[in-house]
Amino acid sequence: MNANERTASIKDAVDRAKDGARNGTPIPSHGLWCRERWQDFPKYSVPVDALALNIDNRRFAAERKLMEEKLGHSLDPENDPNDEQSVISILLDTGHRVDGDVVTGTPSKDYQALLKDWQKRGQESPFWIRPDGTVRNGNRRLAMLKRLRAKEGIEGTRFVQAIVLEPTELNEQELFEMEQREQLTENFKVRYTDINLLLTLRDAAQAQRIDWNSPDDIDRVAGELQEFAGGDKSYAGVQLRAIKYMDDYLSFSGSPSEYQKLIGQIERFRDVGKIMTKMLEDYPDDAVDMLQLLFASITAGVTHGNIRSIGRIFREDRTEYTRLRDRIINIEQQSEPNTKLESPDLAAVEADLSGDTDEAEEPAPIVSDYPTGRVKSAVLDAIDGFGSRNLEIARKLSQAVERLRPITGDHISEALGEADGAEIREYLTEIVSWADSAKPLLE
């Protein structure tokens, strides 16, 4: 059906229900929180074929943009059957990939659970739709029904219950606020890795006219939106600051507003937000250097736990922090790195997110021609040294010996001729100097 046909079909369903009400058959209703109070809305039986997936659904905005980039065109499920199948796959599957002109994947556990629940209990709550059949709440359920109709010819889902939200009765801003509440209150803390939840929260903050560069205003908006974060203003503030530094990082990386490039990576930005809040409060003169170091670490794929350790190094060992900062600056100056973010392989990211280890759960950004290995090694070496600073002398020396023993003269000679030869020479000079100073102690 096209939009006009869907509109006519839904109007016919509404008219039939109203005719029935005039003849004594009441129209059932369903309560929704709207305009700061509960309101009852009539519930109609409408054909599935008259419903259309909402391409602007915020629940899969990042994944949609990524797949559109790989397909080379915007998805149009209303007019292109392949695009409709692509949207269905994005909503229901995992391991997404582009196969010709269609996005495909493997049915997710969430889809299997949704299907099983529908088959057992039927429809629990009505769809929210506009008069033209565009679904504003219930897109995953509609995608499931469309897949079942296409693959299995199931007729039991030919009609579903829906609330028709007329634009004259509920404008776009009011509907937007209802959609935000519905999404953000679905156990936000459990789904902390979902970038689309943060983007929905970002839209809510924008509606509050937030000044992202004002800590006081972020605190104000956190209070306004705390009900979406379990009633916890502090937790809402953490999310808002994560959004701010995601935006800053995307701009720094030459990819403003391209949130799809950070799928699976948002936990790092929560820690960046926490670190930078303290820096701006207590050490404002050092804040810019710290942010540059944190962004370099993110680009190199340093995980959020180690991002957190950089803040600890700053607080507890300023000499080691300065050494790390200068080392990263030196590495970047030597290589004149590219920091332009590239789009990830969504199937690979989803595989990482389903892994068992911390490293597997946090895929790295994709940046070509960046000295990823050297920057990441510098950060991890600094964290390792910082972590061992309180070990007994015997253990420190034991660890040093175990690491140096496998390195032969041939290894060093070869390494001195490679790209990081100057850096190796610097370390070797420091080791020799240290050994010379310690040698008299053995006499």
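The values are calculated or read from the model by the stated rules, or taken from the named source; none is laboratory data. All values derive from a computational prediction rather than experimental measurement. Ideal geometry is used to build each Cβ from the backbone, glycine not excepted, and the neighbour counts take in all protein chains shown.
Remarks
- The sole residue among E78, E69 that is assigned to a loop (DSSP other than H, G, I, E, B), touching a residue at least 24 places away in the same chain (Cβ under 8 Å) and in contact with a helix residue (DSSP H, G or I) (Cβ under 9 Å, 6 or more places away or on another chain) is E78.
- Of all the numbered requirements in (1) surrounded by fewer than 21 Cβ atoms within 10 Å (Cβ to Cβ); (2) more than 26 Å from T299 (Cβ to Cβ); (3) free of Cβ contacts under 8 Å to residues at least 40 places away in the same chain; (4) in contact with a Lys or Arg (Cβ under 8 Å, 6 or more places away or on another chain), A207 misses one, and that requirement is (4).
- On inspection, S45 does not qualify as hydroxyl-bearing (S, T, Y), under 23 Å from the mean Cα position of the chain (by Cα) and either at negative phi or outside any strand (DSSP E or B) (or both).
- Selection from segment 50-66 of residues that are assigned to a helix (DSSP H, G or I) and either modelled with pLDDT under 90 or not basic (K, R) (or both): A50, R58, R59, F60, A61, A62, E63, L66
- Among helices (runs of 4 or more DSSP H) entirely within segment 389-443, having at least 2 residues that are on the phi < 0 side of the Ramachandran plot, surrounded by 10 or more Cβ atoms within 10 Å (Cβ to Cβ) and small (G, A, S) singles out 393-404, 421-438.
- Residue check for P363: touching a helix residue (DSSP H, G or I) at 6+ places or on another chain (Cβ under 8 Å), of a type outside the set (F, W, Y) and modelled with pLDDT of 85 or more: no
- Residues (more than 21 Å from S335 (Cβ to Cβ) and either among the basic types (K, R) or at pLDDT 95 or above (or both)) located in segment 289-305: M290
- Condition check for L250: touching a Pro at 6+ places or on another chain (Cβ under 6 Å) and assigned by TED's automatic domain parsing to the domain that holds L199: yes
- Output for segment 1-55, where each listed residue is among the aliphatic types (A, V, I, L, M) and out of contact with any helix residue (DSSP H, G or I) (no Cβ under 9 Å at 6 or more places or on another chain): A3, V14, A17, A21
- Scope segment 58-85; condition farther than 21 Å from L262 by Cα and within 21 Å of the chain's Cα centre (by Cα); matching residues: none
- Considered as a group, the residues in segment 375-401 that are closer than 26 Å to T303 by Cα and among the hydroxyl-bearing types (S, T, Y) include one that is modelled with the highest pLDDT, and that residue is S377.
- The conditions of being surrounded by 13 or more Cβ atoms within 10 Å (Cβ to Cβ), at pLDDT below 90 and either more than 23 Å from the chain's Cα centre (by Cα) or assigned to a helix (DSSP H, G or I) (or both) are met by D110.
- Flag for L32 being of a type outside the set (D, E, K, R), touching a residue at least 40 places away in the same chain (Cβ under 8 Å) and either more than 29 Å from A8 (Cβ to Cβ) or not in a helix (DSSP H, G or I) (or both): yes
- Any chance L92 is surrounded by fewer than 21 Cβ atoms within 10 Å (Cβ to Cβ) and either over 30 Å from Q173 (Cβ atoms) or of a type in the set (A, V, I, L, M, F, W, C) (or both): no
- The residue list R268, R312 contains one member that is farther than 29 Å from D345 by Cα and in contact (Cβ under 8 Å) with a residue 40 or more places away in the chain, which is R312.
- Of all residues making up segment 262-286, the number that are over 14 Å from the mean Cα position of the chain (by Cα) and small (G, A, S): 1
- Residue count, segment 195-216 (criterion: in a loop (DSSP other than H, G, I, E, B) and on the phi < 0 side of the Ramachandran plot): 6
- In segment 402-421, the residues that are modelled with pLDDT under 85 form Cβ pairs under 7 Å with partners that are of a type in the set (K, R), at six or more places apart or across chains, as follows: D420/R374.
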